[in-house]
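Note sheet for the following structure.
The values are calculated or read from the model by the stated rules, or taken from the named source; none is laboratory data. Here the structure is a predicted model, which is why all the values come from computation and not from measurement. So basically every Cβ, Gly included, is an ideal-geometry build from the backbone, and we count neighbours across all protein chains shown. The area values use the complete protein model at the heavy-atom level, side chains included, leaving out ligands, DNA and RNA. Shrake-Rupley method; radii C 1.70, N 1.55, O 1.52, S 1.80 Å.
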Amino acid sequence: MKTLFGYSATLAAIAVAAMITGCATHTPGGASNAPSITHESFGATSDGLPVEIYTLRNDNGMEARILTYGGIIQSIKVPDKNGQMGDVVLGYDTLDGYLTNSPYFGALIGRYGNRIAKGHFTLDGQEYTLATNNVPNSLHGGIKGFDKRVWTVVEAKVEDDGPELKLSYTSPDGEEGYPGTLKVTATYTLLAKENALRLKFRATTDKDTVVNLTGHSYFNLAGQGTVLDQVVYINADKYTPVDSTLIPTGEIAPVEGTPLDFRTPTAIGARIQDDNEQLKFAGGYDHNFVINHKMGKLGLDARVTDPASGRVFEIWSTEPGLQFYSGNFLDSTIIGKGGIVYPHRGAFVMEPQHYPDSPNQPNFPSTELKPGQVYHNTIVYKFSTTE
Ligand code: BGC
């Protein structure tokens, strides 16, 4: 069991109680697999803010580790077809990598996930200007988005459906150029029955604003190498084509007859080099898919299978879009956990969200949030094996 460092008596008591609850609900026969949630120090930011890492385990032995910095999912360990546990997300062993050189590895993204054209939008007749941190556009909430904030632990306990960590962050009015004080919670639950990690967002505002939250885990079901042989199904008949700066043109186009048609499971690498303008603009896949299931209702967005390890990943969400990014900007310069080098296309990222640049696109589902309304978004990462 991990030591509890530097915590208030209340939090320590919660964690201990959590482990006890876990033991109490455990079925006899696998004593080592009682669901639990423990935590320890993971260092401090350059401003001296302490960062903790929480370890959640379910009764199948699946484990997820989450940082209070950026709400980052630092690791997810799941079995392969032979029962061999392996870490299926990219990241770092220490905080320093996340602080200095992270392409949003595992992080919570906000206030607005994805791009806003030229860092401008108009709301209630007023123009807002954002940092163009992905020239010429604004990306993932600006220079210091939610991925670079230290979140507060609200609760850490074992619930009936598994160990749960609830984080909160209050984004002040005007932060990164966005209007309104936005109060956000992100709740992670490691579901025992389904071998799944569920992430639930809730947000409220005190002024009209725009919100588009998501999770940014880089998955590689084999744990290393490229993901080109991993086979993808996406539940989408349509997508939003982009210009050369990856801003949607406004058109909602069929995937039919394009390399973006993943309605029949296809290896990521099978068509990635096709002579196709959309793939050229993005250097591979980096597109928003218009998901077939109903917005606001949890449904299957995509499934990925790794033929070698037999690991199967499913992503479910309540969101209308799914950004599928094939790790095109990874280039072997990052040495991650366990000294593993992350090659070009060494991961896939699947981000359930509203469509990119929605604040400037009147025909896309709205991302506006008003005082009195509650923003909800649920994402579930499920794991199983082929055999
Ligand atoms: C975007 C990519 C971007 C990446 C940064 C993804 O969500 O779609 O275009 O490069 O995040 O890590």
Where does each of 363-369, 98-104, 196-202 land if you order them by average Cβ count within 10 Å, highest first?
196-202, 98-104, 363-369
Could you please tell me the mean projected area of the C-alpha convex hull for the range 2-385, averaged over all directions and given in square nanometres to one decimal?
18.3 nm²
Rounded if a/c under 1.5, otherwise prolate or oblate - the range 106-237, Cα gyration tensor axes
oblate
For 143-154, 231-242, ranked highest to lowest by mean beta-carbon neighbours within 10 Å, the order is 231-242, 143-154
Qualifying GluC sites (Glu not before Pro) in the range 234-310, DSSP loop, other Cβ atoms within 10 Å at most 16:
251, 256
Using a Gaussian network model of the chain with C-alpha springs under 10 Å, which one of 162, 83, 106 is most mobile by mean-square fluctuation?
83
Which shape class, rounded, prolate or oblate, goes with the range 281-329 when its Cα gyration tensor gives a ≥ b ≥ c as root eigenvalues, a/c under 1.5 marks rounded, and past that a/b bigger than b/c marks prolate?
oblate
Quick one: net charge of residue 180's neighbours, Cβ under 14 Å, K/R +1, D/E -1?
-3
Taking amide H positions as placed 1.01 Å from N in the peptide plane, with prolines and chain starts having none, which residues 5 or more places from residue 43, or on another chain, fall under 5 Å of its amide H?
51
In a GNM of the chain with a 10 Å cut-off on Cα contacts, which of 243, 206, 47 has the highest mean-square fluctuation?
47
Determine the share of the chain's accessible area contributed by carbon and sulfur atoms, expressed in whole percent, with a 1.4 angstrom probe.
51 percent
Residue 351: net charge of surrounding residues, Cβ under 14 Å, Lys/Arg +1, Asp/Glu -1, itself excluded?
-3
Taking the Cα centre of each part, how many Å lie between the range 104-146 and the range 176-238?
17 Å
If packing is taken as the average number of other Cβ atoms within 10 Å across a peptide's residues, how do 53-61, 168-176 rank, most packed first?
53-61, 168-176
Accessible surface of residue 381 in the full protein assembly, 1.4 angstrom probe, to the nearest 10 Å²?
0 Å²
Tell me the net charge near residue 305. Cut-off is 14 Å between Cβ atoms, residue 305 excluded, with +1 for each Lys or Arg and -1 for each Asp or Glu.
-1
Which of the residue pairs 148/207; 183/294; 77/166; 193/280; 144/337; 148/294 have a Cα-Cα distance greater than 30 Å in the structure shown?
193/280; 148/294
Per DSSP H run of n ≥ 4, the term is -39500 (n - 2.57); total these for the chain, divide by its residue number, and report the mean residue ellipticity at 222 nm rounded to 500 deg cm²/dmol.
-2000 deg cm²/dmol
Rg/Rh for the range 211-291 to two decimals, with Rh computed the Kirkwood way over all alpha-carbon pairs.
0.96
Using a simple charge model, +1 on the beta-carbon of Lys and Arg, -1 on the beta-carbon of Asp and Glu, nothing else, what dipole does the range 132-177 show about its Cα centre, in debye to the nearest 20?
320 debye
